[in-house]
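Report on the following structure.
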Amino acid sequence: MGIDFGDLFEKKEIDLSDLRGKVIAIDAYNILYQFLSIIRQRDGTPLIDSHGEITSHLSGFLYRTTNLIEAGIRPVFVFDGEPPEFKNSTLNERKKIRVEAMVRWEEAKEKGDEAAFKYAQASSQIKGNMIEDAKKLLVLMGLPVIQAPSEGEAQAAFMVRNNDAYAAGSQDYDALLFGAPVIVRNLAVTGKRKLPGMGVYVDIKPQIIELESGLTGLGITREQLVDIALLIGTDYNAGIKGIGPKKALKLIKKHGYIEQALDELGEDIKNLAELKELFLNPAVTSDYELKWKKPDASGIIEFLCIQHDFSEARVSKATERLIEASKDGQQTLDRWF
DNA sequence: CTTATTCA
DNA sequence: TGAATAAGG
């Protein structure tokens, strides 16, 4: 998923309260996929309503978003449009992995194997009404939902550059390549997370990465950062075997341009110019409106409890918190409602 | 993941 | 109370 810059960028740990009053353009696919992958039972089965529809993502969106708003954050959710053509091979590869994982999951479930969960996670697929349902819930919650023409991270980055948002929210680093001045990771409220393997709990705090100071620290330009990414490999190209973040940085600093670096390596990247363009000049739109509305409490209850079998007690509680928090926002933030 | 419940 | 565990749909 996305580009792995390793430790190239300095990550600044922050408190959630540091984001109070700030607009965050959240990559909705990124978070939806996380919810889908993580919100599962012990054997890996996701939350499912009585019609057999998966509801893990709806649970995640309801509770986490309510928490963010309660923390004074103003989230905007940006949904992907058409993927760029160069992404096709990556998407096909992911599909293969998913199908394989699905088989492994069934086997593990049969045997009562604990590994079932991780296979289930790897089999996660966004499909059916998940996107529409997520959008519907977010709209009912009164939040702006933005439709990107292509990649959501690119649109989020554009909105930050436009000063319509403070940061792009995603676990991936791609928004940096798309030119987002600031990205936020670990945008959740519950700080404790179990470390894979042992039952050790670690405090996970939100962190920000600033593009400009990061580039200055590395002594490179954004164009060169894109060159580094293309050497390592992105969602749109495979990258060069044996080249990770450190070697890529060294090569680009030595040569200045990816073309010369590739010459030294005796390698070639197909469609190099188009790939650069994809990051440096991505498809985005200015046709969006950031407007926060009063949450539609009865609409949320109808949608989640009547249509998707959520517990009314839980949903009502969350909805009340949401409405209360939205009122606070209205007093202090002119753009609320 | 987040919330609810249990238990020292 | 706060940490560990179960449940959520």
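The values are calculated or read from the model by the stated rules, or taken from the named source; none is laboratory data. Bear in mind that the values here come from a model prediction, so they are computed numbers and not experimental data. Positions of Cβ are generated from backbone atoms using ideal geometry, with glycine treated the same way; all protein chains shown enter the neighbour counts. Please note that ligands, DNA and RNA were not included when accessible areas were found on the heavy atoms of the full protein model with its side chains. Shrake-Rupley method; radii C 1.70, N 1.55, O 1.52, S 1.80 Å.
At 1.4 Å probe size, what's the solvent-accessible area of A:MET141? Round to the nearest 10 Å².
0
Could you tell me what % of all Cα pairs in chain A have separations over 38 Å?
The answer is 18 percent, as a whole percent.
Let me make sure I get this right: for the stretch A:219-281, a, b and c are the square roots of the gyration tensor eigenvalues over alpha carbons, sorted descending. Under 1.5 in a/c it's rounded, otherwise prolate if a/b > b/c, else oblate. Which is it?
Judged from the Cα gyration tensor, the stretch A:219-281 comes out rounded (a/c under 1.5).
Express in nm, to one decimal, how much length is gained between A:LEU290 and A:GLU223 on full extension, taking 0.36 nm for each residue of separation and deducting their alpha carbon distance.
Numbers: separation 67, 0.36 × 67 = 24.12 nm, distance 2.99 nm.
Taking 0.36 nm per residue and subtracting the Cα distance, the gain is 21.1 nm.
Return an integer: the convex hull volume of the alpha-carbon atoms of the stretch A:173-262, in Å³ per residue.
Here the figure is 130 Å³ per residue.
Once every DSSP H run of n ≥ 4 in chain A is given -39500 (n - 2.57) and the sum is divided by its residues, what mean residue ellipticity at 222 nm do you get, rounded to the nearest 500 deg cm²/dmol?
-14000 deg cm²/dmol
Along the Cα→Cβ direction, 7 angstrom out, place labels at A:ASN162 and A:LYS127. What is the inter-label distance in nm?
So the two model labels end up 3.4 nm from each other.
Full-extension gain between A:GLU274 and A:GLU312, please, as 0.36 nm times their residue separation minus the C-alpha to C-alpha distance. Before the final figure, lay out each step's value.
Details: separation 38, 0.36 × 38 = 13.68 nm, distance 5.05 nm.
Additional length available on full extension: 8.6 nm.
As an exercise, use a Förster radius of 22 Å and the Cβ-Cβ distance of A:CYS305 and A:THR190 to find the FRET efficiency, rounded to the nearest 0.05. Write down the numbers at each step before the final one.
Numbers: r = 24 Å, r/R0 = 1.07.
For R0 = 22 Å, the calculated efficiency reads 0.40.
Going Cα to Cα from A:LYS246, which aspartates and glutamates come in below 12 Å? Please leave out same-chain ones fewer than 8 positions away.
A:ASP4, A:ASP7
Suppose every K and R has +1 on its Cβ and every D and E has -1 on its Cβ; what is the size of the dipole of the stretch A:70-201 about the Cα centre, in Debye to the nearest 20?
Charge dipole of the stretch A:70-201: 340 debye, to the nearest 20.
With a 1.4 Å probe and all protein chains left in place, how much accessible area per residue does chain A have, in Å²?
For chain A, the solvent-accessible area averages 50 Å² per residue.
Sorted by average packing, counted as other Cβ atoms within 10 angstrom per residue and highest first, what order do A:109-118, A:231-240, A:316-325 take?
Numbers: A:109-118: 14.2, A:231-240: 20.5, A:316-325: 17.5.
Highest to lowest by the protection proxy: A:231-240, A:316-325, A:109-118.
Using a 1.4 Å probe over the heavy atoms of the protein chains, calculate the carbon and sulfur portion of the accessible area of chain A as a whole percent.
49
Rounded, prolate or oblate for the stretch A:55-125? Axes are the square roots of the Cα gyration tensor eigenvalues, ordered a ≥ b ≥ c, and the cut-off for rounded is a/c under 1.5.
In terms of gyration-tensor shape, oblate.
Using a Förster distance of 22 Å, how high is the FRET efficiency between A:LYS250 and A:SER213, based on the Cβ-Cβ distance and rounded to 0.05?
0.60
Kindly flag which residue pairs out of A:LYS135/A:LYS327; A:LYS95/A:LYS291; A:LYS96/A:LYS254; A:LYS12/A:LYS192; A:LYS291/A:LYS317; A:LYS87/A:LYS192 have an alpha-carbon separation exceeding 28 Å in this structure.
Result: A:LYS95/A:LYS291; A:LYS96/A:LYS254; A:LYS87/A:LYS192 exceed 28 Å.
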